[in-house]
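Engineer: What follows is a single structure, and I will ask about it in a moment.
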Amino acid sequence: MPTLIRENVPLAPYTTFRLGGPARYFINARTVEDVVEGVKFALDRNLRILPLGAGSDVLISDSGFDGLVIRLANLRGVKVRGDRAYLMAGEPLPRIAREMAERGLSGFEYVVGVPGTVGGGVAKNAGAHGREIRDILVEAYVVDGEGNVRTYRRDELGLAYRSSLLPELGILVEALFKLEEDDPAAIRDRIEEFLTYRERSQPWTERTAGCMFKNPPGEYAGRLIDLAGLKGFRVGGVKVSEKHANFFVNEGGTADDAIRLIEYVRDRVRRAFGIELEVEIEIVR
Ligand SMILES: Cc1cc2nc3c(=O)[nH]c(=O)nc-3n(C[C@H](O)[C@H](O)[C@H](O)COP(=O)(O)OP(=O)(O)OC[C@H]3O[C@@H](n4cnc5c(N)ncnc54)[C@H](O)[C@@H]3O)c2cc1C
């Protein structure tokens, strides 16, 4: 077994929800070569692969993942040429937002409160304050299922509301973004405004996976859950946040508690409003 690969690694510490069981195999990738090695290892053994960034949009089941997890949070690097930034997959979005502000480059400040990575941000087309990653993405460099690095233009990635063709197309290792020049002080002001809004409206310091459900067209999932009277409702050790009803908070529960709470909330909203909530996070089984 290559030294890079570890067995039976608990995944909960690598997620913001802090839930779920172990990975059968696990790699902490630091280079693109590590990623390629992992893909080949999985190919030889016919294993499923789960790329993991900051784990801020996943719910890992209690039984864990019976395949290879390739963690990308340590695949780091930033290259800036004029208004273009080449960012490695593991760069944290909040840190990039601040670095780009200092460089007088606008575009990432909107995701300063999204605690994910560049790779996860593209995979989920992360967005906030009316902007999305696809607004600034030019192209992505992706390791495919055979271990080859391929380039995909933005319009080939199927970027839509909180979704894309990743990770089905492969593992994003780097991406190119086109930003707008702006006054660093003006960008910093927007950053502070966005962070203040978040601290006020979201359970920012708790163990969550962000918004559980996508907003239905013309509606807010959180508003429907609140109107259904479910703020504070709990299954085991996981509850609907009192601060923002579309966030579930882990207070020492299990992934099974979270899954049961998801089903309960969907059922109640369906009965009350006839609206089917679609889960936004990735449930990994
Ligand atoms: C407190 C809080 C607030 C949040 N607010 C927002 C918000 O305002 N807007 C928003 O859009 N999201 C928000 N989120 C959700 C989350 O932060 C984003 O979806 C983020 O983009 C996920 O990035 P990640 O690196 O954590 O991805 P992960 O959770 O690690 O992975 C998410 C998915 O992307 C895939 N993936 C990850 N990295 C790669 C890669 N390199 N290549 C291919 N596939 C990959 C994974 O396999 C998985 O399917 C919030 C989450 C929290 C906890």
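The values are calculated or read from the model by the stated rules, or taken from the named source; none is laboratory data. Quick caveat, the model's predicted, so the values are computed rather than measured. Neighbour counts are summed over all protein chains in view; Cβ atoms, including those assigned to glycine, are modelled from backbone coordinates with ideal geometry. For the accessible areas, the whole protein counts, side chains as well, though only heavy atoms, and no ligand, DNA or RNA atoms are used. Shrake-Rupley method; radii C 1.70, N 1.55, O 1.52, S 1.80 Å.
Engineer: Pull out a ≥ b ≥ c, the square roots of the eigenvalues of the alpha-carbon gyration tensor of segment 5-98, then state rounded if a/c is under 1.5, prolate if not and a/b is larger than b/c, and oblate in the remaining case.
Structural biologist: Oblate is the answer for segment 5-98, as a/c is 1.5 or above yet b/c matches or exceeds a/b.
Engineer: Count the DSSP beta bridges whose two residues both fall in the chain, then state the antiparallel fraction as a percent rounded to the nearest 5.
Structural biologist: 75 percent
Engineer: Right, next: Past 27 Å, Cα to Cα, is the threshold; run K178/K243; K79/K214; K40/K214; K124/K239; K214/K239 against it and keep the listed order.
Structural biologist: K178/K243; K79/K214; K40/K214
Engineer: Treat every Asp and Glu Cβ in segment 78-200 as -1 and every Lys and Arg Cβ as +1, leave all other atoms uncharged, and give the resulting dipole magnitude about the Cα centre to the nearest 20 debye. Each step should come with its number before you reach the end.
Structural biologist: On the way: 18 positive and 22 negative charges, 32 e Å.
The calculated dipole for segment 78-200 is roughly 160 debye.
Engineer: Once you order the gyration tensor axes a ≥ b ≥ c over the Cα atoms, which shape class does segment 226-285 get: rounded for a/c under 1.5, otherwise prolate or oblate by comparing a/b with b/c?
Structural biologist: Note, shape of segment 226-285 comes out oblate.
Engineer: Rounded to the nearest 500 deg cm²/dmol, what is the calculated helix-only ellipticity per residue at 222 nm for the chain, with -39500 (n - 2.57) per DSSP H run of length n ≥ 4?
Structural biologist: -8000 deg cm²/dmol
Engineer: Under the rule a/c < 1.5 gives rounded, and otherwise a/b versus b/c splits prolate from oblate, where does the chain land using the Cα gyration tensor? It would help to have the intermediate numbers written out before the result.
Structural biologist: Working: a/c = 1.84, a/b = 1.12, b/c = 1.64.
Judged from the Cα gyration tensor, the chain comes out oblate (a/c at least 1.5, b/c at or above a/b).
Engineer: So, for the chain, what is the accessible surface per residue at a probe of 1.4 Å, expressed in square angstrom? Walk me through the numbers before you get to the answer.
Structural biologist: On the way: 12870 Å² over 285 residues.
Accessible surface, normalised per residue, equals 45 Å².
Engineer: With charges set only on the Cβ (+1 for Lys and Arg, -1 for Asp and Glu), what does the dipole of segment 6-71 come to about its Cα centre, in debye to the nearest 20? Before the final figure, lay out each step's value.
Structural biologist: Numbers: 8 positive and 8 negative charges, 12 e Å.
Dipole magnitude for segment 6-71 comes out near 60 debye.
Engineer: Through the Karplus equation 6.51 cos²θ - 1.76 cosθ + 1.60, θ set to phi - 60°, convert the phi angles of segment 2-18 into ³J(HN,Hα) values in whole Hz; use x for Gly and Pro.
Structural biologist: For segment 2-18, the Karplus-derived couplings read x, 4, 4, 9, 10, 10, 6, 9, x, 9, 3, x, 9, 10, 6, 7, 6 Hz, x marking Gly and Pro.
Engineer: Determine the gain in length on full extension of the stretch V78-D44; use 0.36 nm per residue of separation and subtract their C-alpha separation, reporting nm with one decimal.
Structural biologist: Taking V78 through D44 to full extension adds about 9.0 nm, to one decimal.
Engineer: When DSSP beta bridges are limited to those with both residues in segment 6-71, what percentage is antiparallel, rounded to the nearest 5?
Structural biologist: Of the beta bridges lying entirely in segment 6-71, close to 30 percent run antiparallel.
Engineer: Sort the following peptides by mean Cβ neighbour count (other Cβ atoms within 10 Å, averaged over residues), highest first: 12-18, 272-278, 262-268. Let's see the in-between values first.
Structural biologist: On the way: 12-18: 18.7, 272-278: 13.9, 262-268: 16.9.
Order by mean packing, descending: 12-18, 262-268, 272-278.
Engineer: What ranking, highest mean first, results for peptides 205-212, 152-159, 193-200, 44-51 when packing means the other Cβ atoms within 10 Å averaged over each residue? Please report the intermediate quantities before stating the final value.
Structural biologist: Working: 205-212: 19.5, 152-159: 16.9, 193-200: 13.6, 44-51: 15.4.
With the highest mean Cβ count within 10 Å placed first, the list reads 205-212, 152-159, 44-51, 193-200.
Engineer: Using a 1.4 Å probe on the protein heavy atoms, what percent of the accessible area of the chain belongs to carbon and sulfur?
Structural biologist: Values: 5900 of 12870 Å².
For the chain, the apolar C and S fraction of the accessible surface comes to 46 percent.
Engineer: Treating only the Cβ atoms of Lys and Arg (+1) and Asp and Glu (-1) as charged, compute the dipole magnitude of the chain about its Cα centre; round to the nearest 20 debye.
Structural biologist: Charge dipole, the chain, about its Cα centre: 480 debye, nearest 20.
Engineer: Which of the listed residues, S163, N125, P115, is farthest toward the dipole's positive end in segment 111-165, when Lys, Arg count +1 and Asp, Glu count -1 at the beta-carbon?
Structural biologist: P115
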